[in-house]
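> Before I ask anything, let me first share the structure, which is written out below as structure tokens.
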Amino acid sequence: MARNSPNPGQKILYFLLICISISILYVDIKTNTFSGIKNNFKSVKISSKYLLKSITVDPVTSLIDLLNFKNDLITENKKLKQELDQSRVENYLILNEKNIFKTKDGLDFFLKNNNLDNNFQIAKLKEINPNVFKCCDRHRMFIEIFSDEKEIFSESFVFNNSGIIGQVIDGKKIHEVILLTDISHSTPVKTKSNNFYCNAQGSGKSDYIKCNYNPLVWDEKMFIGKIFYTSGLGGIYPSGVKIGTLDKINEGDVNKIELEIRLIANPISDDLLGVISL
Amino acid sequence: MRELFKKILLIIIASYIESIFYLYLINIYVIFPITFLLYSFLIYKTDKFNNVIEAFFIGLLVDLISGTYFGTNALLFCLMSYLINLNSNSFKLFSYLQVCLFFGITSSAYVGFTQMILNLYNFSYIILFTSALFNILFCIFIAMLPIYFPRFFSRKI
């Protein structure tokens, strides 16, 4: 359907309104009469914008902020925990540095360079089956060593903030660690007096290693709570590091006594570990 | 009445969008009068004779929203309404390109006029010409859309 063109009456109306528009425009430019209306409109616009924002957007934003804040806190907490674990491992290393580096005069080297990274690597626990660790003979864990250099870590010993937990036996990126409690693992131990030496076998039980010896050969008196140290004779572990305390004495035979040594280090207590190759 | 409210709502939204685009497009010397083009399109599309009073008050509303001098948009909307109503039957004889040229040129006239009122001492011909080119191309683009997307544009532009 065709649209009607403006008739003379409508044309007059157009003309009138155009004239009014021009008049308003002129008055506004020259006298700024309508500034009050504009300012009121702006103030209403701004206040309603804020009101709407406070009703709709702000609750959602504050909720998101709260969630982000929680996430940030969790991340920060994790980071702090990691740093704390690392400092604990380093503290352990510093406390035992005399023993750890005694075997190859590493103490001088350590003091000269004062650079832990030469021999010391931080590792992270990747996998350990706690059920197997509690029940079975094969006590292994898998760690990731954070090192830029392509070193061979096999036969390096692994420790956490409480003590030595085992040695690296295999691996390139993820390294397998045989724990002291693994039944196929032997740890050379000694007493503080250096009158008793023994190869302590893994017991297959968590926290315990067993030491079988002939009392006719080693006549040192044993008692519950006696402290055992690494002897360093195996070449893997440093000498003189506290490894555990005597928990039980099994006198089954005249020629054979079995000592159960309770280890001081728990491999599943920390997920950040230290690795040192002597 | 419902139609009028719908129109006013569309105009308010267009004015808001225009204020957002303005900041980005001015960097490439373009002023894109979305509100004016939308209102022109609404007048062009309607089958009925457009009420001049409606154009006048919508123009005043746009003046109020956009913060320009009162009467600027009222005057231009009235003029545009008159032009479209006067040539409403002639447009049917025009090709799409001619209609696009008409809307593009009137929108650049709008840009020129508003610039003369609001920005007289820094009036820029570059802005005027680039805006004219941009607006004509935009109108052509809009006119071409139903060819490529016929399902979305069932009605003839």
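The values are calculated or read from the model by the stated rules, or taken from the named source; none is laboratory data. Remember, predicted model here, so these are calculated numbers, not experimental data. In this analysis, Cβ positions are derived from the backbone assuming ideal geometry, glycine residues included, and neighbour counts consider all displayed protein chains. These accessible areas exclude ligands, DNA and RNA; they are computed on the full protein's heavy atoms, side chains included. Shrake-Rupley method; radii C 1.70, N 1.55, O 1.52, S 1.80 Å.
> Which value, in Å² rounded to 10, gives the accessible area of residue A:219 with a 1.4 Å probe and all protein chains present?
Spelled out: residue A:219, probe radius 1.4 Å, area about 130 Å².
> Can you give me the long-range amide H partners of residue B:31? Hydrogens built in the peptide plane at 1.01 Å from N, cutoff under 5 Å, separation of 5 or more residues or another chain.
Counting only residues 5 or more places away or on other chains, the set is B:131.
> Where does helix A:35-52 land angle-wise versus the long Cα axis of chain A, in degrees 0 to 90, nearest 10?
Around 30 degrees separate the two axes.
> Next question. Kindly compute the accessible surface that chains B and A hide from a 1.4 Å probe when together, both sides summed, and give it to the nearest 100 Å². Provide the component values of the computation, followed by the final result.
On the way: alone 10150 and 17840 Å², together 25520 Å².
It comes to approximately 2500 Å² buried between B and A.
> Using a 10 angstrom cutoff on alpha carbons, build the Gaussian network for chain A and name the most mobile of A:71, A:91, A:194.
Of A:71, A:91, A:194, the most mobile in the Gaussian network model is A:71.
> So how do B:24, A:229 rank on accessible area, 1.4 Å probe, biggest first, that is with the largest at the start?
Numbers: B:24 155, A:229 40 Å².
Ranked from most to least accessible, the order is B:24, A:229.
> Answer rounded, prolate or oblate for segment A:1-48, using the Cα gyration tensor with square roots of eigenvalues a ≥ b ≥ c: rounded when a/c is under 1.5, else prolate when a/b is larger than b/c, else oblate.
On the way: a/c = 6.01, a/b = 1.89, b/c = 3.18.
It is oblate, given that a/c is not under 1.5 and a/b is not larger than b/c.
> Average partner chain C-beta neighbours within 10 Å, per residue of A:41-51?
Values: counts 3, 2, 0, 0, 3, 0, 0, 0, 0, 0, 0.
Mean shielding by partner chains, rounded to a whole number: 1.
> Return the aspartates and glutamates within reach of residue A:221: Cα separation strictly under 20 angstrom, same-chain partners fewer than 8 residues apart disregarded; answer none if there are no such residues.
A:247, A:251, A:253, A:258, A:260
> Filter A:81/A:205; A:124/A:192; A:45/B:48; A:70/A:126; A:124/A:172; A:192/A:256 down to the pairs with a C-alpha to C-alpha distance above 24 Å, please. Please list the in-between numbers first.
Numbers: A:81/A:205 29 Å; A:124/A:192 32 Å; A:45/B:48 34 Å; A:70/A:126 26 Å; A:124/A:172 14 Å; A:192/A:256 22 Å.
Going by Cα-Cα distance, A:81/A:205; A:124/A:192; A:45/B:48; A:70/A:126 fall outside the 24 Å limit.
> Any idea of residue B:148's accessible area? Nearest 10 Å², probe 1.4 Å.
The accessible area comes out at roughly 150 Å².
> I'd like to check one number: the per residue accessible area of segment A:145-247, probe 1.4 Å, reported in Å² as a whole number.
Details: 4690 Å² over 103 residues.
I get 45 Å² per residue for this part.
> Take the solvent-accessible surface of the protein heavy atoms, probe 1.4 Å, and return the percent of it on the protein assembly as shown that carbon and sulfur atoms account for. Display every interim value, and only then the final one.
Working: 15580 of 25520 Å².
Roughly 61 percent, rounded to a whole number.
> Kindly point out, ordered by number, any Cys in chain B whose beta-carbon has no other cysteine beta-carbon under 4.7 Å away.
Those would be B:78, since no other cysteine Cβ in chain B comes under 4.7 Å of theirs.
> Next up: Residues with beta-carbon under 9 Å from that of residue A:248, excluding residue A:248: net charge, scoring Lys, Arg +1 and Asp, Glu -1?
The answer is -2.
> Right, another one. Taking H placed 1.01 Å from N in the peptide plane, check which residues at least 5 places from residue A:243 or on another chain put their amide H under 5 Å from its amide H.
Here the answer is A:228, A:229, A:230, since their amide H atoms fall under 5 Å of that of residue A:243.
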